[in-house]
Number of protein chains: 2
Amino acid sequence: MVVLEEHLSFHTGSLQASRPTYAGFMRSVRVSLGDRSYSILVGPGLLSQLGDRCLALGLGARCGVITDETVAPLFAEQAVVALRGAGFSPVLIRVPSGETSKSLKVVGTCYDRLAAHRLERKSFIVALGGGVVGDLAGFVASTYLRGMAFVQVPTTLLAQVDSSVGGKVGVNLKAGKNLVGAFHQPKLVLCDLDSLNTLPPREFQSGLGEVIKYGIIYDAGLFRRLERDLPKILRRDPMALAATIARCCAIKAAVVSQDENESGLRAILNYGHTIGHALEAISGYGEYLHGEAISMGQVAASHLSARLVGLDSKSVERIRNLFVAAGLPVSVSLTRRQRERLVAAMRLDKKVSGGQIKFVLARRIGEVIWGQNVPETALQEALDLVCP
Amino acid sequence: MVVLEEHLSFHTGSLQASRPTYAGFMRSVRVSLGDRSYSILVGPGLLSQLGDRCLALGLGARCGVITDETVAPLFAEQAVVALRGAGFSPVLIRVPSGETSKSLKVVGTCYDRLAAHRLERKSFIVALGGGVVGDLAGFVASTYLRGMAFVQVPTTLLAQVDSSVGGKVGVNLKAGKNLVGAFHQPKLVLCDLDSLNTLPPREFQSGLGEVIKYGIIYDAGLFRRLERDLPKILRRDPMALAATIARCCAIKAAVVSQDENESGLRAILNYGHTIGHALEAISGYGEYLHGEAISMGQVAASHLSARLVGLDSKSVERIRNLFVAAGLPVSVSLTRRQRERLVAAMRLDKKVSGGQIKFVLARRIGEVIWGQNVPETALQEALDLVCP
């Protein structure tokens, strides 16, 4: 508790030096989905407001806070104190850190804890952690008592710009990643910038893999700003971070609002993911962080785009350079056997339709098309370029 | 509601006039839920039409047929042949018979089989069996690849009139029944009357527990017809069965259409279920069939109704007599310890809100109100009457 308070006062002090108030700092993005609409708030110090903001949403008294063993020592007490302070009765559920917690077994453990704490239909779940915790907790929320409210408190850059927004929740099977899940929108997403300060550099850079993606698929201006401001972002400058995260969330919100259940436009969010997910799958979800895998996937997709839909070679180079500048890998060494397994893994991807793998390809930076068939030879040549 | 009555009168009239063909025998009920609307077909010989009807719905080529070890030897081959004949590629997934298959473990087994058969987002699931299979297969369909289409082919009376209609799917936890699940509407419900011919008498009577419920909660005319026609129904007269099943489905469809996600009216379908589910829970989901448990639950609820909302004593007697005539239990012997466990189990019911158990009570036969608080003393006195 003492450590937490010191941690907070340090930030309060430093932030007050550069900005007059917290409130002026906070950015808000609205996801418009009719009666499932919700807000994404981005700013420092938001975790301490968790209880009051849940109260404002009219959520029931009991809740489950799902977090992992890495995040719990850092933020769980602050979350529980904030919830109790607003009159809620939280039960803290800690799961092991890492992708292996996105399993049916851990889902079952969470259910049992919620049942023991007597959660009711009006109760809610708080996902406190990175993408794994958000996906797991969201799936638990979407299915326990046939669905209850949940609040995302993403504590990693990757989760803040990607997985916490849009309502895709789920767990993995041995046969593949995210094969089980639901579309279940949160009631609120709180992106507390303070939580990024404890993030190891590799995790932070992994988040940038998704940040850069938004520039490629939707916003050439964002891509240019990233080329310019990347040093500031890598220093975790709060102003640059807040603007970047809010812009990424706004893009995702715009896409999701137009296509909640992934029947069309939403597919563009999977740029670089067909190859990226396959890389994660064949390496057993551990060797590469998600942002690293999709960094290589996006570079491969840019080669495919150049060959098939006219992306110019200068853009291919800019894309590659930005990932390199962000400290992300742009190539991977694979044996012939691994290459075969990679292509086989792509065929199990959820985006496969009629046996045909569908790709998102970029016409230019800021504009992509989806549902593209890719000839086997083109795929192999693009893989040659990233898997030397 | 008036339209519904006229619609059914028309059918009843034409059916009583002549029965020239199987086609003339079929009844159809539409569940109106916008883009999730679907038809329930009731008649003999429908299983052989499964493939063609799935084709008409434009479903993808691959599908999983989930069934159990009791139903598989009776109907699986016919289902698979019908699907193959229409060009589909089905994988048959057999699960053990009985409530224990409504578990996360069996769900996981189904997922693995679907992944091995390479089901895609446009693939679909066929639930071939009773309520357990429908709830399990529906939950699998609602979560595999974040949700795929499914078709219900209920083979028991209970499943035909109740669980196959309305989109409530789910599995059990140790802590309680149906604690995990989703709202996921089927694309089609095929109630083949032929499948009822193989149903053991006790299973058939269990289905009547739900049939009688529809009379109590919504349709005094149906209740009177049941009092009159019960002997015919118990002989499994196809004409009487078709009319009764279609009427029950129409009532459920009308209720579900008005309240898909159980925020209000839909609660009336739980008449007798708070006590019924608790009875099933404390007896380990095996001693009583669902229809038997809710028969006792409905009789207890009629006593509560008499005391709290003015149900007249003659109606209490008619309700009891109809369950007795259907061969269903109306009382249960419990030790004091079992009684305590029964009440404790009620408190874990999903309908509990703010710690208060909510009951559906009958003002008269054909009219109920929901969300009723019941004082502890009234509950104990009602239990005294059914647990002598």
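Each value in this text was obtained by applying a stated rule to the coordinates, not by laboratory testing. Since the model is a prediction, treat every value here as computed from it, not as a measurement. Cβ sites come from the backbone with ideal geometry, for glycine too, and all protein chains shown count toward neighbours.
Assorted remarks:
- Isotropically averaged projected area of the range B:256-386, using the convex hull of Cα atoms (one quarter of hull area), nm²: 7.9 nm²
- C-alpha long axis of helix A:220-234 to longest principal axis of chain A, angle in °: 60 degrees
- Scaled radius of gyration (Cα, divided by 2.2 N^0.38 Å) that chain A gives: 0.96
- Modelled FRET efficiency - R0 35 Å, residue B:380 with residue A:112, Cβ distances, 0.05 increments: 0.70
- Of all DSSP beta bridges in chain B, antiparallel share, percent nearest 5: 40 percent
- Among beta bridges that DSSP assigns inside the protein assembly as shown, antiparallel share in %, nearest 5: 40 percent
- Tail fraction, Cα-Cα pairs, the range A:2-199, threshold 20 Å, whole percent: 52 percent
- Calculated label separations, residue A:375, copies of the chain, 7 Å along the beta-carbon direction, nm: 8.3
- Placing a pseudo-label 7 Å from each Cα along the Cα-to-Cβ vector at residue B:220 and residue B:343 gives an inter-label distance of 3.5 nm.
- Here's how it looks for residue A:64: its modeled amide H is under 5 Å from those of A:91, A:124, A:125, A:126, which are all 5 or more places away or on a different chain.
- Estimated inter-spin distance, residue A:254 and residue B:287, nm [label 7 Å along Cα→Cβ]: 6.3 nm
- Per-residue packing, averaged as other Cβ atoms within 10 Å, sorts the ranges A:110-120, B:334-344 into the order A:110-120, B:334-344, beginning with the highest.
- Pairs of Cα atoms nearer than 8 Å and 6+ residues apart set the relative contact order; for chain B it is 15 percent.
- When each of A:213/B:102; A:174/B:102; A:102/B:122; A:122/B:187 is checked by Cα-Cα distance, pairs over 32 Å: A:213/B:102
- For residue B:363, distant residues with modelled amide H under 5 Å away: B:368, B:369
- Protection proxy ranking of B:201-209, B:141-149 - average other beta-carbon atoms within 10 Å, highest first: B:141-149, B:201-209
- Inter-part distance where the range B:53-85 and the range A:311-385 are each reduced to a Cα centre, Å: 37 Å
- Sequence-separation-based contact order of the range A:209-386, relative, with Cα cut under 8 Å and 6+ spacing, percent: 30 percent
- Over the range A:219-301: Rg over Rh, Cα atoms, Kirkwood Rh: 1.02
- Here the residues B:275, B:268, ranked from fewest to most Cβ neighbours within 10 Å of their Cβ, fall in the order B:268, B:275.
- The slack between residue A:265 and residue A:69, meaning 0.36 nm per residue of separation minus the straight C-alpha distance, is 67.0 nm.
- Other copies of residue A:337: label-to-label distances in nm, shortest first, labels 7 Å along the beta-carbon direction: 5.9
- Percent of Cα pairs exceeding the 36 Å cut-off, where the set is the protein assembly as shown: 48 percent
- Centre separation in Å (Cα based) which lies between the range B:165-243 and the range A:173-204: 43 Å
- Likely footprinting exposure, B:69, B:99, fewest C-beta neighbours within 10 Å first: B:69, B:99
- Partner shielding of B:92-105 amounts to 1, given as the average count of beta-carbon atoms from other chains within 10 Å of each residue beta-carbon.
- Efficiency of FRET from Cβ geometry, residue A:30 and residue A:331, R₀ 51 Å, rounded to 0.05: 0.85
- The protein assembly as shown - charge dipole about Cα centre, Lys and Arg +1 at Cβ, Asp and Glu -1, debye rounded to 20: 420 debye
- Packing-based exposure ordering (other Cβ within 10 Å, fewest first) of A:124, B:75: B:75, A:124
- FRET efficiency for residue B:89 and residue A:122, using Cβ-Cβ distance with R0 set to 35 Å, rounded to 0.05: 0.20
- Averaged over B:143-150, number of beta-carbon atoms from partner chains that fall within 10 Å: 5
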